[in-house]
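A.B. asks: Please read through the structure below; I'll follow up with questions.
The values are calculated or read from the model by the stated rules, or taken from the named source; none is laboratory data. This is a predicted model, so every value here is computed, not measured. Here Cβ is always computed from backbone atoms with ideal geometry, including for glycine, and neighbour counts include all displayed protein chains. All accessible areas refer to the heavy atoms of the entire protein, side chains included, with ligands and DNA or RNA removed. Shrake-Rupley method; radii C 1.70, N 1.55, O 1.52, S 1.80 Å.
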Amino acid sequence: MSITPITHVIFDLDGIIVDSVNSIVNIFVNYARNYGKTLDEDIRKGIPNLTNFSVYFNKFLDTIHGPAVDDGSVDRETIVKEMIDEIYESPQLSLIPGVDRLVQHLRRHRIPMAVATGNNSPNLAKIVRNLGDYFRRGVNFDHLVCGWDDPDVSRNKPAPDVYFVCAKRFQTQPQSLDNVLIVEDSLTGITGALDTGMKTLLINDRKNCDFDAVANRITCIVDSFDDFRPESVGLPPYDD
């Protein structure tokens, strides 16, 4: 049976290209330890699916300090800003293992790529500054779309809007949505991706998310990029 060729690829950002999810976990663990506490397991499990940093970070702070109060004892706005800066401006921020092999492979085969993230543009700007030319327009990716504050995105993930906007911005349009592959790692992201009609690749390296309800609709599920074979979804096989 022939496989519909993939001509365009859309990547998520956090947890797919940059290893920011583990950075958030580490920051939360260290902050909790400073107050003699441990990271709540529900907070840990929800990190891959967060779309609103301020709300989620304050939810975490609630587990440490109790519900937010206006007594001035905890400057939450400053704490959240410092945490986010530490995540995206840290020299330890790195690419997810194996993702660059795929990105460079697609570049060699002239497959247009873009990024559709649920994050916001200020955080994206921090990543671009931190990782140099990797995310600058035209180096590896045609464009980058932020679901949180892009004016053309009506609803952020888990809605599919950010992927539709991203697909429309390719300079050379795909013949069909079936020729586009979305690469995701979270339940929030894959839920929106599945509602687009595009092909989907789930990198399921964290076993704390339950994908059972949608697994039969996902084109390809692998534990890591090292386990992914591009030809399984209609991309050219690796040369090595």
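A.B. asks: For the chain, what is the relative contact order in percent, using Cα pairs closer than 8 Å and at least 6 residues apart in sequence?
C.D. replies: Relative contact order for the chain comes out at 25 percent.
A.B. asks: What shape does region 134-240 have by the C-alpha gyration tensor, where a ≥ b ≥ c are the square roots of the eigenvalues, rounded means a/c under 1.5, and otherwise prolate means a/b greater than b/c and oblate the rest? Don't skip to the end; give the middle numbers.
C.D. replies: On the way: a/c = 1.58, a/b = 1.14, b/c = 1.39.
Judged from the Cα gyration tensor, region 134-240 comes out oblate (a/c at least 1.5, b/c at or above a/b).
A.B. asks: At 1.4 Å probe size, with the rest of the protein present, what percent of the exposed accessible area of the chain is carbon and sulfur atoms?
C.D. replies: Roughly 48 percent of what the probe reaches on the chain is carbon or sulfur.
A.B. asks: Right, something else. Would you please give the residues with an amide H less than 5 Å from that of Ala159, counting only those at least 5 places away or on a separate chain, with H modeled from the backbone geometry?
C.D. replies: Distant-sequence amide H within range of Ala159: zero hits.
A.B. asks: Further question on the same structure: Pairing the Cα long axis of helix 99-108 with the longest principal axis of the chain, what angle in degrees results, from 0 to 90 and rounded to the nearest 10?
C.D. replies: Long axis of 99-108 versus the principal axis of the chain: about 30 degrees.
A.B. asks: Averaging the inverse of every distinct alpha carbon separation and then flipping it gives the Kirkwood radius. What is it for region 1-142, in angstrom units?
C.D. replies: 16.9 Å
A.B. asks: To the nearest 20 Debye, how big is the dipole of region 122-240 about its Cα centre, given +1 on the beta carbon of each Lys and Arg and -1 on that of each Asp and Glu?
C.D. replies: 440 debye
A.B. asks: Going Cα to Cα from Lys168, which aspartates and glutamates come in below 18 Å? Please leave out same-chain ones fewer than 8 positions away.
C.D. replies: Partners found: Asp12, Asp142, Asp149, Asp150, Asp152, Asp178, Asp195.
A.B. asks: So how do Arg169, Arg155, Arg76 rank on accessible area, 1.4 Å probe, biggest first, that is with the largest at the start? Walk me through the numbers before you get to the answer.
C.D. replies: On the way: Arg169 85, Arg155 135, Arg76 30 Å².
My answer, sorted largest first, is Arg155, Arg169, Arg76.
A.B. asks: Turning to a different aspect of this structure: On a 0 to 90 degree scale, rounded to 10, what angle separates helix 53-65 from the longest Cα axis of the chain?
C.D. replies: 40 degrees
A.B. asks: Might you report the magnitude of the Cβ-based charge dipole of region 84-182 about its Cα centre, with Lys and Arg at +1 and Asp and Glu at -1, to the nearest 20 debye?
C.D. replies: The calculation lands at about 380 debye.
A.B. asks: Does the chain come out rounded, prolate or oblate, given a ≥ b ≥ c as the square roots of the eigenvalues of its C-alpha gyration tensor, rounded meaning a/c under 1.5 and, failing that, prolate meaning a/b above b/c?
C.D. replies: It is prolate, given that a/c is not under 1.5 and a/b is the larger ratio.
A.B. asks: As a test of the formula, what do you get for the chain when each DSSP H run with n ≥ 4 contributes -39,500 (n - 2.57) and the sum is divided by the residue count, at 222 nm and rounded to the nearest 500 deg cm²/dmol?
C.D. replies: My calculation for the chain gives -10500 deg cm²/dmol from helical runs alone.
A.B. asks: Please list, or write none, the lysines whose alpha carbon is within less than 24 Å of the alpha carbon of Lys45, excluding same-chain residues fewer than 8 places away.
C.D. replies: Candidates past the 8-residue exclusion: Lys37, Lys59, Lys81, Lys157, Lys207.
A.B. asks: Also, quick follow-up: Which whole-angstrom value gives the distance between the alpha carbon centres of region 132-180 and region 10-86?
C.D. replies: 26 Å
A.B. asks: Considering only Asn30, Asn140, Asn156, give the residue with the highest GNM mean-square fluctuation for the chain, with springs between Cα atoms whenever their separation is below 10 Å.
C.D. replies: Maximum among the listed residues: Asn30.
A.B. asks: Does region 182-227 come out rounded, prolate or oblate by the C-alpha gyration tensor, with a ≥ b ≥ c the root eigenvalues, rounded set by a/c under 1.5 and, if not, prolate when a/b is larger than b/c and oblate if not?
C.D. replies: Oblate.
A.B. asks: Of Asp161, Asp142, Asp42, which has the largest mean-square fluctuation in a 10 Å C-alpha GNM of the chain?
C.D. replies: Comparing Asp161, Asp142, Asp42 in the GNM, the peak value goes to Asp42.
A.B. asks: Working from Cα positions, state the angle (0 to 90°, nearest 10) between the long axis of helix 76-89 and the longest principal axis of the chain.
C.D. replies: The two axes meet at around 40 degrees.
A.B. asks: In debye, nearest 20: dipole of region 129-198 around its Cα centre with unit charges on the Cβ of K, R (+) and D, E (-)?
C.D. replies: It comes to approximately 200 debye.
A.B. asks: To the nearest 10 Å², what's Arg229's accessible area with a 1.4 Å probe?
C.D. replies: 110 Å²
A.B. asks: For His109, what charge total do you get from the other residues with a beta carbon under 14 Å from its beta carbon, if Lys and Arg give +1 and Asp and Glu give -1? It would help to have the intermediate numbers written out before the result.
C.D. replies: Details: positive: Arg101, Arg107, Arg108, Arg110; negative: Glu231, Asp239, Asp240.
It works out to a net charge of +1.
A.B. asks: Which residue fluctuates most in the GNM of the chain (Cα springs below 10 Å): Pro151, Pro48, Pro112?
C.D. replies: Taking springs between Cα atoms under 10 Å, the residue moving most is Pro151.
A.B. asks: Still on this structure, please answer the following. Could you put Lys45, Lys199 in order of accessible surface area, largest first, with the 1.4 Å probe and the full protein assembly present?
C.D. replies: So, going from the largest accessible area down, we get Lys45, Lys199.
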